Amino acid sequence: MSKNIDWSNLGFGYIETDKRFVSNYKDGAWDEGALIDDPMVTMSECACVLQYAQTCFEGLKAYTTEDGRIVCFRPDLNAQRMADTCKRLEMPVFPEDRFVQAVVDTVKANADYVPPFGSGATLYIRPYMFGSNAVIGVKPADEYQFRVFTTPVGPYFKGGAKPIVIRVSDFDRAAPHGTGHIKAGLNYAMSLHAIVDAHDKGYAENMYLDAATRTKVEETGGANFIFITKDGKLVTPKSDSILPSITRRSLMVVAEKYLGMTVEHREVYFDEVKDFAECGLCGTAAVISPVGRIDDHGKEICFPSGMDDMGPVTKKLYDTLTGIQMGKIEAPEGWIKEIK
């Protein structure tokens, strides 16, 4: 029985749901975990996560398809990315098959919070892990907690995705050989000042350039870039310090296999950006946010697709990927995980 929620007016914020999954790591092993009612986390004041930010997270969504099924999109890739993140942060890997099962079980337990098809809303799923025991010397924790909670969220853009204005940031998001390629909480902590500053100056997001040379496009704080060339190719930046976005990787397949486009995943120099026809930011929350203009310290790069609507090629990519997610278009094998 669906909850009495005004789905069409949901924002992108936290709403407590009935159950969450919790598993604890102690003495070198994960326990079997359980779905629990209590949303509160209790731990030592000296917990490693509070002292040294040893934490990571993932984000994905559950949807109601046109024929009434509840599904989520490529959770195996989230499991794999969290495993990579854990290895880099000296955290124990939560087994990938158990990660997917925990996601399925948590969504199933909160099925009444999955918004109906056509509402534009979805159930956001947040798996995360943190070092939970007391650590005062700088070293990894010995005990960890893996949790999954869900929260219903509205469409990222109310009234459709209008092109946004972004700026080239003077701050660096990630260093070469650093942690830019993993989904560590600390990456997001250091981006907060840059995004607040951007918003204060009237920009929706930051474009981060590579820290070493400041000549190549990397990503924004929470999304990968996609560009469309004037002859209709999809170009997306490649770097060891970019988070491997699941949405971006999916769009590359959609472009090539569904729309017959040429796809280039390569280094993108900032000098090239002015020559692209369309630009977008892609990620779980919005799928694609179109970019209409980039401000480079007072110099403006305006894309031919303009400030009124998503560019035509970006729109095709968006419609195809969301069509696959919502069950209107047949998905590649293994992309859709049915919950119930």
Quiz prompt | Candidates SER305, SER241 - the one that is in contact with a Cys (Cβ under 9 Å, 6 or more places away or on another chain) and either in a loop (DSSP other than H, G, I, E, B) or of a type in the set (Gly, Ala, Ser) (or both) | solution = SER305
Exercise. Quick one: VAL165 ticks every box in (1) in a loop (DSSP other than H, G, I, E, B); (2) open to solvent by 20 Å² or more (accessible area, probe 1.4 Å); (3) not aromatic (Phe, Trp, Tyr) except a single one, so which number is it?
Key: (1)
Quiz item: Limited to the stretch 172-216, what total is found for residues that are of a type in the set (Phe, Trp, Tyr) and free of Cβ contacts under 8 Å to residues at least 40 places away in the same chain?
Solution: 2
Quiz item: Residue check: is ALA29 free of Cβ contacts under 8 Å to residues at least 60 places away in the same chain, among the aliphatic types (A, V, I, L, M) and out of contact with any Asp or Glu (no Cβ under 6 Å at 6 or more places or on another chain)?
Solution: yes
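For the condition in contact (Cβ under 8 Å) with a residue 24 or more places away in the chain, among the acidic types (Asp, Glu) and within 23 Å of GLY311 (Cα to Cα), what is the one hit in GLU219, GLU143?
Of GLU219, GLU143, the one residue that is in contact (Cβ under 8 Å) with a residue 24 or more places away in the chain, among the acidic types (Asp, Glu) and within 23 Å of GLY311 (Cα to Cα) is GLU219.
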Exercise. Report yes if some residue within the stretch 259-267 is open to solvent by 70 Å² or more (accessible area, probe 1.4 Å), among the charged types (D, E, K, R) and farther than 28 Å from SER191 by Cβ; otherwise report no.
Key: no
Practice problem: Could you list, in sequence order, all residues of the stretch 239-258 that are among the basic types (Lys, Arg) and either without any contact (Cβ under 8 Å) to a residue 24 or more places away in the chain or open to solvent by 50 Å² or more (accessible area, probe 1.4 Å) (or both)? | Solution: ARG249, LYS257
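So in the stretch 271-302, with the set limited to residues that are assigned to a strand (DSSP E or B) and among the basic types (Lys, Arg), which one is farthest from the chain's Cα centre (by Cα)?
Filtering the stretch 271-302 for residues that are assigned to a strand (DSSP E or B) and among the basic types (Lys, Arg), the one farthest from the chain's Cα centre (by Cα) comes out as LYS299.
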Self-check item: In the stretch 120-135, the residues that are surrounded by 17 or more Cβ atoms within 10 Å (Cβ to Cβ) and in contact with a Ser or Thr (Cβ under 6 Å, 6 or more places away or on another chain)
Solution: LEU123, TYR124, ILE125, PHE130
Exercise. Check whether at least one residue in the stretch 83-106 is surrounded by 16 or more Cβ atoms within 10 Å (Cβ to Cβ), of a type in the set (D, E, K, R) and farther than 22 Å from SER250 by Cβ, and report yes or no.
Key: yes
Quiz prompt | Residue selected from the stretch 13-69 under the condition β-branched (Val, Ile, Thr), in a strand (DSSP E or B) and open to solvent by less than 40 Å² (accessible area, probe 1.4 Å), by the criterion farthest from LYS87 (Cα to Cα) | solution = THR64
Exercise. For the stretch 290-309, indicate whether the set of residues that are out of contact with any strand residue (DSSP E or B) (no Cβ under 9 Å at 6 or more places or on another chain) and among the aliphatic types (A, V, I, L, M) is non-empty.
Key: no
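The values are calculated or read from the model by the stated rules, or taken from the named source; none is laboratory data. All figures in this text were calculated on a predicted structure; none of them were measured in a lab. Every residue, glycine as well, gets a Cβ built from its backbone with ideal geometry; the counts of neighbours run over all protein chains shown. Just the protein is used for accessible areas: all its heavy atoms, side chains included, with ligands, DNA and RNA removed. Shrake-Rupley method; radii C 1.70, N 1.55, O 1.52, S 1.80 Å.
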